[in-house]
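Everything below concerns the one structure shown next.
The values are calculated or read from the model by the stated rules, or taken from the named source; none is laboratory data. Since the structure is predicted, the reported quantities are computational estimates derived from the model, not experimental observations. Cβ coordinates were reconstructed from backbone atoms using ideal geometry, including for glycine residues, and neighbour counts include every protein chain displayed.
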Amino acid sequence: MRREYEYIVLGLGGLGSAAAYWLARDAGPDVLGLEQFELGHIRGESQDHSRIIRLSYHTPGYVRLAKRAYESWAELEKEAKEQVVLKTGGLDLAPPQSAIPLDPYMQSMRGEGVEFEELDAGEIMRRWPSWRLTDDVHGIYQADGGIAMAARANAAHQRMAKEHGAHLKDRVPVTDVRSADGEVDVTAGGLAYRCRRLVIAAGPWSNNVLDCFGGNLPLQVTQEQVTYFETPHLRDFEPGRFPVWIWMDDPCYYGFPVFGERGTKIAQDAGGKVVTAETRTFEPDPANLKGVEDFARRYLPTALGPVIYTKTCLYTLTPDRDFVIDFVPENENVMVAIGAGHAFKFAGVIGRILSELAVDGQTPSDLSPFTIERPILKEKDPKRTYMV
Ligand SMILES: Cc1cc2nc3c(=O)[nH]c(=O)nc-3n(C[C@H](O)[C@H](O)[C@H](O)COP(=O)(O)OP(=O)(O)OC[C@H]3O[C@@H](n4cnc5c(N)ncnc54)[C@H](O)[C@@H]3O)c2cc1C
């Protein structure tokens with residue numbers, strides 16, 4: 001059995017599957033992907049029908065990255081002959097003095113030439129009569145916002161990686177990683193592998209892997225949840241009629257039109273308890289669900305209905321909520337990506353960037369905001385700002 005590869009990807013969730021795909025486009029059978037559980041498992045961050053994708057972001061850098069994300073998804077769609085992004089339009093709503101002000105979002109989009117509309121409460125309710133807003137709420141509508149079809153996109157990345165010749169092995173936990181003679185030794189499922197470049201995309205398990213390099217980041221893993229509601233008003237919430245939306249305050253709520261289930265999906269962002277990948281449960285938190293229901297009862301009552309199910313999922317949060325996409329310090333043949341609880345929309349482009357770094361040592365994307373060397377990541381007890 002082959003044990004030496006040019007590239008190994010550790011972790012085949014959203015980001016790792018994308019990295020395996022982009023690497024395989026370049027290096028085909030020289031790519032090995034290693035996943036500790038079965039492909040498509042639900043213990044990590046990336047499995048559900050839908051994730052929000054949007055150009056609306058608070059810095060020009062994220063807007064540029066989001067543009068490249070759409071391009072990367074389109075490349076996958078073309079090759080896989082399968083749709084993975086559905087544009088529904090995206091609505092960001094803000095009450096006065098909201099914890100997440102809309103101004104930086106509008107400035108960033110203006111700066112990057114992204115068209116959007118500023119809407120007052122009346123106009124929002126005229127276009128989408130399901131909203132019940134007070135006059136002081138305002139919003140931004142951006143037509144490219146929509147759904148990244150998470151589970152389907154992961155499967156498409158994995159399928160296409162394999163079609164390009166990559167080897168994807170599941171149920172093989174990586175238990176040790178070390179640099180050796182300019183290469184990297186990886187122990188997985190009791191077997192020793194060696195590669196020239198290693199990509200770490202381990203989500204909530206990232207620090208376990210980084211420990212092998214003597215480094216550890218001040219990450220917080222939280223147990224989040226989303227709930228599908230069996231609205232009796234299905235037609236009003238069809239993807240062609242209702243956008244994805246984010247309530248830009250603290251607590252921050254977000255939701256989807258009907259997609260993947262017979263109802264709407266609504267959730268609180270970064271509202272979960274701090275856990276680890278080992279201590280997390282799959283039990284929904286009733287207080288979190290009550291917060292979601294109270295919010296929707298007030299502002300979007302017809303989206304509610306009997307709970308279809310609540311699904312738990314993990315975030316891996318950096319203190320500033322920016323990603324980590326970088327080489328591991330003093331290991332120029334090892335790369336790491338951490339998604340900070342908002343990376344699915346970028347999975348395709350992050351995989352592409354990791355592949356560019358692994359193959360060429362450089363990327364056209366500006367990674368300076370995502371460096372592992374930023375001061376806040378060196379603090380033991382950093383201030384955590386999740387509402388951005
Ligand atoms: C409820 C929820 C809602 C979200 N909503 C959005 C949204 O609307 N828009 C958006 O853009 N993002 C959203 N996100 C964030 C986004 O989903 C994540 O940032 C992204 O999926 C992270 O992917 P990942 O590959 O880093 O992690 P994961 O998908 O967890 O993948 C890591 C993989 O590494 C494997 N692994 C770890 N250690 C080892 C090891 N030692 N050996 C082998 N394998 C290993 C794991 O088993 C896992 O499969 C949401 C996340 C959640 C939980």
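Among the residues of the stretch 165-183, those identified as in contact (Cβ under 8 Å) with a residue 60 or more places away in the chain and either touching a Lys or Arg at 6+ places or on another chain (Cβ under 7 Å) or among the small types (G, A, S) (or both) are G165, A166, L168, S179, G182, E183. For the stretch 313-353, filtering for residues that are charged (D, E, K, R) and either part of a strand (DSSP E or B) or within 7 Å of the ligand (Cβ to nearest atom) (or both) leaves 3. When residues in the stretch 100-137 are screened for being within 23 Å of L65 (Cβ to Cβ) and of a type in the set (A, V, I, L, M, F, W, C), 6 of them pass. Can you say whether Q142 is in contact (Cβ under 8 Å) with a residue 12 or more places away in the chain, buried (at least 16 other Cβ atoms within 10 Å of the Cβ), in contact with a Gly (Cβ under 7 Å, 6 or more places away or on another chain) and of a type outside the set (A, V, I, L, M), as far as the supplied structure shows? Yes; evaluated as a whole, the condition is true for this residue.
Just one residue in the set K345, K290, K378 is closer than 22 Å to G33 by Cβ and modelled with pLDDT of 95 or more; that residue is K345. Cβ-Cβ distances below 6 Å connect the following pairs, each with a first residue in the stretch 193-216 that is farther than 16 Å from N333 by Cα, a second residue that is more than 14 Å from the ligand (Cβ to nearest atom), and a separation of six or more residues or different chains: N207/N216. In the stretch 88-183, counting only strands (runs of 3 or more DSSP E) that sit wholly within it, the ones holding 3 or more residues that are over 27 Å from the mean Cα position of the chain (by Cα) span 174-180. Among the numbered conditions (1) within 17 Å of G145 (Cβ to Cβ); (2) away from the ligand (no atom under 11 Å from the Cβ); (3) out of contact with any Lys or Arg (no Cβ under 8 Å at 6 or more places or on another chain), the only one that G61 does not meet is (1). E278 meets the stated requirement of being surrounded by fewer than 21 Cβ atoms within 10 Å (Cβ to Cβ) and farther than 18 Å from V226 by Cα.
The set of residues in the stretch 214-255 that are part of a helix (DSSP H, G or I) and within 13 Å of the ligand (Cβ to nearest atom) is empty. Scanning the stretch 1-54 for residues that are at positive phi and within 6 Å of the ligand (Cβ to nearest atom) gives a single hit, G11. Screening D103, D120, D92 for residues that are acidic (D, E) and within 20 Å of A296 (Cβ to Cβ) leaves exactly one candidate, D92. Contact annotation: residue pairs with Cβ atoms under 6 Å, 6 or more positions apart or on different chains, pairing a residue in the stretch 302-326 that is at negative phi with a partner that is assigned to a strand (DSSP E or B) and of a type in the set (S, T, N, Q), are A303/T264; V307/T227; T310/Q225; T310/T227; T312/Q223; T312/Q225; Y315/T222; L317/Q220.
For the stretch 336-370, taking the residues that are within 19 Å of A202 (Cβ to Cβ) and more than 18 Å from the chain's Cα centre (by Cα), the one that is surrounded by the most Cβ atoms within 10 Å (Cβ to Cβ) is identified as A358.
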